[in-house]
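Asker: First the structure, then my questions, so here it is.
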Amino acid sequence: MKLFDSHCHLDDSAYDTDFNQVLQRSEDAGVSAMMIAGIHLESCRKAVMIAESYPHIYAAVGFHPHDTAAADESALKQLRKLADHPNVKAWGEIGLDFNRMHTPQAIQEKWLIRQIEAADDMNMPIIFHERDSDGRLLSILKTSHRHPGNGVIHCFSGTHAELMQYLEMGYCIGITGILTLQSRGANLRTLAPDIPRNRILIETDAPYLTPAPEKNRFRRNEPAFVKSVLLKLSEILDENPETLAETLWNNTCALFRIL
């Protein structure tokens, strides 16, 4: 059984002291590939450096909405250069986050659109972050994404209506360990069966969003724990885990154009 953690942050300093052990535990759990999502220029450089060193690790480059205050045209040019690396398979994570508003809305929206334009110019799939944007991300995608559907809605946590709109536009849906959490994941568990099997990706968002049952023992998430997301999803969908794992692997490789 091969698993693909389609979104993690192995560049995070949380892994500085035991990086090799984290990779070994991932291998032991059947995680055969990982995508590191960059969040700012330094993060993206580190993600690409890691991807250069490990053939089963890939990188995405972009400014997370929290970090768009540091974005400018020079930084965007540098991201474009990083995106030319053969192990960079996506642009992201980018999007809108109106929950904590670390960066003003106008700045988030400006650099979301500029990054969509850059990714479209390079025909790259995009990893989208959305939190509490009240439909604004959908609105921008409809007007600014020249290749609608060429991307994934990372850590989906929206409404049924939002889910249907993303699916109608052709996007994949990223499912995290939230699915496994009794209270917080209740809504997502009701929506998961409505996602076509060929449009689902699983992810950890490590070191964040540790799934159950690991959440009871570990504060830090890591790619090995994506197996718990798979097992909960297979239970909800009433599908054989090995069969579902193969489908999800193929979905992820197809989106990121990994042969």
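Asker: Go through the residues of region 115-123 one by one and say whether even a single one is exposed (fewer than 14 other Cβ atoms within 10 Å of the Cβ) and β-branched (Val, Ile, Thr).
Answerer: No: region 115-123 contains no residue that is exposed (fewer than 14 other Cβ atoms within 10 Å of the Cβ) and β-branched (Val, Ile, Thr).
Asker: List the pairs whose first member sits in region 19-34 and is under 14 Å from Pro207 (Cα atoms), whose second member is in a strand (DSSP E or B) and of a type in the set (Asp, Glu), and whose Cβ atoms are under 8 Å apart, counting only residues at least 6 apart or on separate chains?
Answerer: Ser26/Asp5; Met34/Asp5
Asker: Then there's this: Going residue by residue through region 67-86, is there one that turns out to be under 21 Å from Phe156 (Cβ atoms) and outside any helix (DSSP H, G or I)?
Answerer: No, every residue in region 67-86 fails to be under 21 Å from Phe156 (Cβ atoms) and outside any helix (DSSP H, G or I).
Asker: Which one of Ala59, Ala83, Ala71 is closer than 17 Å to Ile258 by Cα, small (Gly, Ala, Ser), surrounded by 20 or more Cβ atoms within 10 Å (Cβ to Cβ) and in contact with a helix residue (DSSP H, G or I) (Cβ under 7 Å, 6 or more places away or on another chain)?
Answerer: Exactly one residue qualifies, and that residue is Ala59.
Asker: Right, here's the next one. What number of residues in region 93-152 are over 19 Å from Asp72 (Cα atoms), out of contact with any Leu (no Cβ under 9 Å at 6 or more places or on another chain) and hydroxyl-bearing (Ser, Thr, Tyr)?
Answerer: 2
Asker: If you don't mind, another one. So if I check each of Ala206, Ala192, which one is among the small types (Gly, Ala, Ser), under 30 Å from Ile140 (Cα atoms) and in a helix (DSSP H, G or I)? Explain how you work it out, then say what you get.
Answerer: Details: Ala206 fails: in a helix (DSSP H, G or I).
Sole residue among the options that is among the small types (Gly, Ala, Ser), under 30 Å from Ile140 (Cα atoms) and in a helix (DSSP H, G or I): Ala192.
Asker: Select, from Glu246, Glu235, the only residue that is part of a helix (DSSP H, G or I), of a type in the set (D, E, K, R), surrounded by fewer than 21 Cβ atoms within 10 Å (Cβ to Cβ) and in contact (Cβ under 8 Å) with a residue 40 or more places away in the chain. Walk me through how you get there before you give the answer.
Answerer: Values: Glu235 fails: in contact (Cβ under 8 Å) with a residue 40 or more places away in the chain.
Result of the check over Glu246, Glu235: Glu246.
Asker: How many residues are assigned to a helix (DSSP H, G or I) and of a type outside the set (A, V, I, L, M) if we restrict to region 159-187? Talk me through it step by step, then tell me what you get.
Answerer: Taking region 159-187 and keeping what is assigned to a helix (DSSP H, G or I), we get 160-169, 177-180, 186-187.
Applying the additional criterion that residues be of a type outside the set (A, V, I, L, M) yields 160, 162, 165-166, 168, 177, 180, 187.
Count: 8.
Asker: Kindly provide the set of residues from region 60-89 that are within 25 Å of Trp249 (Cα to Cα), basic (Lys, Arg) and free of Cβ contacts under 8 Å to residues at least 40 places away in the same chain, ordered by number.
Answerer: None - no residue of region 60-89 is within 25 Å of Trp249 (Cα to Cα), basic (Lys, Arg) and free of Cβ contacts under 8 Å to residues at least 40 places away in the same chain, so the list stays empty.
Asker: Sticking with this one: Could you list all residues from region 1-53 that are of a type in the set (Phe, Trp, Tyr) and surrounded by 15 or more Cβ atoms within 10 Å (Cβ to Cβ)? Write out each step before concluding.
Answerer: Filtering region 1-53 for residues of a type in the set (Phe, Trp, Tyr) gives 4, 15, 19.
Within region 1-53, Phe4, Tyr15 qualify.
Asker: What number of residues in region 124-157 are loosely packed, with under 15 Cβ neighbours inside 10 Å and either over 18 Å from Arg199 (Cα atoms) or free of Cβ contacts under 8 Å to residues at least 12 places away in the same chain (or both)?
Answerer: Adding up the residues that qualify gives 7.
Asker: Here is a further query. Condition (residue is within 19 Å of Ile175 (Cα to Cα), crowded, with 23+ Cβ neighbours inside 10 Å and not hydrophobic (A, V, I, L, M, F, W, C)) applied to region 95-102: is it met by at least one residue?
Answerer: Checked region 95-102: at least one residue is within 19 Å of Ile175 (Cα to Cα), crowded, with 23+ Cβ neighbours inside 10 Å and not hydrophobic (A, V, I, L, M, F, W, C).
Asker: Checking Leu96 against (1) assigned to a helix (DSSP H, G or I); (2) touching a Ser or Thr at 6+ places or on another chain (Cβ under 7 Å): exactly one of these is not met. Which one?
Answerer: The number of the failed condition is (1).
Asker: Out of all the residues in region 67-90, which are polar (S, T, N, Q) and within 26 Å of Pro104 (Cβ to Cβ)?
Answerer: Residues of region 67-90 polar (S, T, N, Q): 68, 74, 78, 87.
Within region 67-90, Thr68, Ser74, Gln78 meet the criteria.
Asker: List every residue pair whose Cβ atoms sit under 9 Å apart, with the two residues 6 or more apart in sequence or on different chains, where the first one lies in region 35-59 and is within 21 Å of Val226 (Cβ to Cβ) and the second, anywhere, is of a type in the set (Val, Ile, Thr) and part of a helix (DSSP H, G or I).
Answerer: Cβ pairs passing all conditions: Met35/Thr252; Ile36/Val48; Ile36/Ile50; Gly38/Val48; Ile57/Ile50; Ala59/Val48; Ala59/Ile50.
Asker: Out of all the residues in region 99-117, which are polar (S, T, N, Q), outside any helix (DSSP H, G or I) and more than 24 Å from Val48 (Cβ to Cβ)?
Answerer: Here is the first cut: in region 99-117, the ones polar (S, T, N, Q) are 99, 103, 105, 108, 115.
Remaining after also requiring outside any helix (DSSP H, G or I): 99, 103.
Selection gives Asn99 alone.
Asker: Further question on the same structure: Report the residue count in region 198-220 for those that are more than 13 Å from the chain's Cα centre (by Cα) and either farther than 19 Å from Gly30 by Cβ or in contact (Cβ under 8 Å) with a residue 60 or more places away in the chain (or both).
Answerer: Within region 198-220, the first condition is being more than 13 Å from the chain's Cα centre (by Cα), and the residues that meet it are 198-199, 210-220.
Still in the running and either farther than 19 Å from Gly30 by Cβ or in contact (Cβ under 8 Å) with a residue 60 or more places away in the chain (or both): 198-199, 215-217, 219-220.
Residues meeting the conditions: 7.
Values in this text are rule-based calculations from the coordinates and carry no lab data. What you see is a predicted model, and the numbers here were worked out from it, not measured in a lab. Using ideal geometry, Cβ is built from the backbone for each residue, glycine included, and neighbour counts are taken over all protein chains shown.
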